[in-house]
1. Determine, yes or no, whether B:Arg85 is of a type outside the set (Ser, Thr, Tyr) and crowded, with 16+ Cβ neighbours inside 10 Å.
2. If you check A:Val89, A:Val77, A:Val37, which single one turns out to be touching a His at 6+ places or on another chain (Cβ under 7 Å), assigned to a strand (DSSP E or B) and aliphatic (A, V, I, L, M)?
3. Among the listed residues B:Ala37, B:Ala62, B:Ala56, B:Ala67, which satisfies the condition of being more than 9 Å from every other protein chain (Cβ to nearest Cβ) and either touching a residue at least 12 places away in the same chain (Cβ under 8 Å) or surrounded by 15 or more Cβ atoms within 10 Å (Cβ to Cβ) (or both)?
4. When both residues are 6+ apart or on different chains and their Cβ atoms are under 9 Å apart, which pairs have a first residue that lies in segment A:140-168 and is farther than 25 Å from A:His270 by Cβ, and a second that is outside any helix (DSSP H, G or I) and among the acidic types (Asp, Glu)?
5. Does segment A:194-205 contain at least one residue that is charged (D, E, K, R) and farther than 22 Å from B:Gly48 by Cα?
6. Does segment A:123-145 hold any residues that are out of contact with any Pro (no Cβ under 9 Å at 6 or more places or on another chain) and either crowded, with 23+ Cβ neighbours inside 10 Å or in a helix (DSSP H, G or I) (or both), and which are they?
7. Please determine, by comparing only the residues of segment A:220-260 that are within 26 Å of B:Gly93 (Cα to Cα) and among the charged types (D, E, K, R), which one is nearest to the other protein chains (Cβ to nearest Cβ).
8. Mind checking which residues of segment B:13-27 are more than 14 Å from chain A (Cβ to nearest Cβ) and hydroxyl-bearing (Ser, Thr, Tyr)?
Amino acid sequence: MTSSVLLGAVAYDPKVVTIWDGFRAWFGERDLAFDYVLYSNYERQVQELAGGRIDVAWNSPLAWVRTRRMAPRARAVAMRDTDRDLSSVVVVRADSPATSVSDLAGATVGTGAVDSPQATLLPLRLLDGTDVRVHRFEVGVGLHGDHIGGERAAAEALRDGRVDAACMIDANHLLFAKEGVLPAGATRVIAQTSPYDHCNMSVVNADVDRFVELLLGMDYADPAVRPLLDLEGLTRWLPGRTSGYAQLEAAVDAVGFYSQGGEVTAAGYHV
Amino acid sequence: MDAGGHLLVARALAGVPAGARVRVVGTDPHLLVHLKAWGRAEGHTVAGDVVVRGTAPDQRLAGATRAGGPGVVDHPPRSWGLAARGSVVEAGGPDLPVVDLDRKAEVWTELAPKLYAQAAAGQWDPATAVDWSAPCDVPVEVEAAVVQVMTYLIENEQAALMVPARFLGRIHPHFREVVQFLATQIADEARHVEVFTRRAGRCGSQLGVSGSGGRASLQTLLDEPEWATASFLLSALGEGTFLSLLSFLEEWAPDPVTRQISRLALQDEARHVAFALGHIGEHLAAEPELRDRLRRAVLRRHDALLTTSGLAPAVHDALVVLAAGSWERDAIAAGWGRVQRLQADMDEGRRRRLVRLGFGEAEAAELSALHTRNFM
């Protein structure tokens with residue numbers, strides 16, 4: 001077999017084991033010696049990548065931002081088709097008098113956990129300059145919002161009248177309607193971020209060309225790999241790009257989440 | 001998009017090739033937000049209100065195969081799993097490893113659809129198909145004989161339920177009418193157990209004796225490892241023998257309840273026998289070597305039961321008393337004669353069914369004679 005690749009992934013859900021066990025077998029059939037390690041949180045994963053103890057990190061966007069600060073030579077080598085051009089929204093109840101974020105002055109806004117890019121860091125930028133009380137739902141801290149529990153809790157709080165507005169990713173506004181958490185017609189979107197990118201396969205020094213080649217070659221028509229792609233939430237892997245992280249970089253700087261050197265400086269963030 | 005609108009978009013996209021553009025218009029204020037999120041998850045590219053159809057929907061069905069249909073195929077793959085016959089089976093689902101009975105030759109009969117339809121239509125209700133209000137006016141000693149016969153029938157029907165149940169989950173769902181028929185066969189036996197149990201206890205008696213020889217005989221049915229031989233021993237031979245027994249009970253029943261339940265069980269058992277003769281006959285036509293295994297199954301079972309007592313004397317004597325209708329000497333003599341003729345009828349029926357399966361007359365007589373003395 002060719003030289004090995006060690007990937008780090010965060011265990012945000014039991015399915016992560018199924019996914020990477022499956023991919024590991026698939027890579028092995030194609031002569032790539034692949035293995036993976038699981039972390040309980042992204043901060044340790046980033047440290048391990050920067051320290052050269054793993055070859056590639058399946059990183060959240062926030063983890064990518066920190067990686068780039070700790071290791072400026074880092075590259076985003078691949079990402080899912082579903083990691084490109086996402087947006088977050090600020091949502092109110094349908095009967096709310098608010099029609100724009102400026103109408104939320106004095107209101108309470110529910111967000112995801114402190115480290116959720118899509119449900120906290122990015123949408124709160126839309127509320128810059130508006131005097132709001134932020135109620136964070138600290139579920140799955142350290143998972144950078146992968147566990148949407150905090151987002152769902154914020155949505156439930158909006159539904160139940162405990163907050164005046166809630167922040168969430170666009171796909172979850174649709175999901176919560178299907179789940180009945182926020183029934184169709186019960187809410188209004190009053191603000192939406194510009195498109196941004198999400199997770200990527202981050203690499204610092206390792207040679208992972210064969211790994212990337214195989215990722216990009218995965219075919220949704222292949223019944224052996226399609227269930228894994230479905231579990232991981234994509235129909236194809238795409239080359240990595242870094243053009244979609246400017247908003248998050250700015251959000252990280254605005255709240256002092258990480259220092260320029262990649263230290264964790266966010267207030268109230270402990271993993 | 002959050003109230004079913006995605007169905008309309010998906011339908012429009014299904015009608016165009018990958019790369020085609022579909023403009024989505026609507027009045028929902030969240031349309032563009034949801035359209036983008038939905039399209040992203042489905043593998044389409046979305047810019048504003050325009051969706052560029054991706055390839056994922058086509059890729060999902062790449063490699064899909066139709067699971068036969070409308071007729072059955074000779075050897076359905078286990079990868080079709082639980083998929084309905086004739087459906088389009090998306091590749092990548094789980095195999096069904098437990099279905100080792102997956103060859104048409106060994107499980108199918110062209111009679112299966114018709115017999116299943118008859119069975120489904122013939123599921124009588126034990127509560128209403130029998131007049132349980134009939135008085136308990138059978139003489140005490142004859143009632144005891146009826147109860148003993150019922151005791152015997154219950155354990156035999158229990159075995160007749162368990163044997164097909166053992167094999168049911170191993171038959172490939174592609175042969176659904178066979179699976180369905182066996183399900184009705186099991187339900188039939190469940191009803192038989194119920195009505196025989198109810199008849200046994202309806203006049204206040206406790207149940208009779210369960211002979212060790214009878215249970216040993218039934219155990220050999222449960223131990224039979226191969227579907228064809230198990231079905232042959234149970235249904236072609238055993239339940240075939242029971243057709244004569246149930247007919248006998250209907251004729252000589254001392255009360256209307258016994259008569260009714262015997263008739264109802266008889267019509268069910270006739271279906272079971274027809275099914276067994278059907279699938280075994282077609283299996284023999286496809287695989288003549290099966291005949292040797294059937295023959296050896298009879299011999300093996302006979303040898304296994306050599307040291308057992310066979311039909312419990314209590315059961316045999318109960319049949320005599322039941323047929324006699326009383327303990328008067330002449331009645332007992334008549335009853336004895338009727339039971340002798342019953343056994344001759346049973347033998348004749350078995351030989352006829354064996355000949356129908358292609359055994360020669362002489363061999364049919366030999367194999368019939370080796371059939372268990374326990375009837376089933």
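1. Details: of a type outside the set (Ser, Thr, Tyr): yes; crowded, with 16+ Cβ neighbours inside 10 Å: yes.
Yes: the conditions hold for B:Arg85.
2. On the way: A:Val77 fails: touching a His at 6+ places or on another chain (Cβ under 7 Å); A:Val37 fails: touching a His at 6+ places or on another chain (Cβ under 7 Å).
Residue meeting the stated conditions: A:Val89.
3. Numbers: B:Ala37 fails: more than 9 Å from every other protein chain (Cβ to nearest Cβ); B:Ala62 fails: more than 9 Å from every other protein chain (Cβ to nearest Cβ); B:Ala56 fails: more than 9 Å from every other protein chain (Cβ to nearest Cβ).
That would be B:Ala67, the only listed residue that is more than 9 Å from every other protein chain (Cβ to nearest Cβ) and either touching a residue at least 12 places away in the same chain (Cβ under 8 Å) or surrounded by 15 or more Cβ atoms within 10 Å (Cβ to Cβ) (or both).
4. Once the first residue is farther than 25 Å from A:His270 by Cβ and sits in segment A:140-168, its partners that are outside any helix (DSSP H, G or I) and among the acidic types (Asp, Glu) give A:Leu158/A:Asp164.
5. Restricting attention to segment A:194-205, the residues satisfying the condition of being charged (D, E, K, R) are A:197.
Of the ones still in play, those that are also farther than 22 Å from B:Gly48 by Cα are none.
For segment A:194-205, residues charged (D, E, K, R) and farther than 22 Å from B:Gly48 by Cα: absent.
6. First, pick out the residues of segment A:123-145 that are out of contact with any Pro (no Cβ under 9 Å at 6 or more places or on another chain): A:123-143.
Of everything in segment A:123-145, those that are out of contact with any Pro (no Cβ under 9 Å at 6 or more places or on another chain) and either crowded, with 23+ Cβ neighbours inside 10 Å or in a helix (DSSP H, G or I) (or both) turn out to be A:Pro123, A:Leu124, A:Arg125, A:Phe137, A:Leu143.
7. Across segment A:220-260, the extreme among qualifying residues is A:Arg226.
8. none
The values are calculated or read from the model by the stated rules, or taken from the named source; none is laboratory data. Computed from a predicted model, the values in this text were never measured in an experiment. Here the Cβ is made from the backbone with ideal geometry for all residues, glycine too, and neighbour counts use every protein chain on show.
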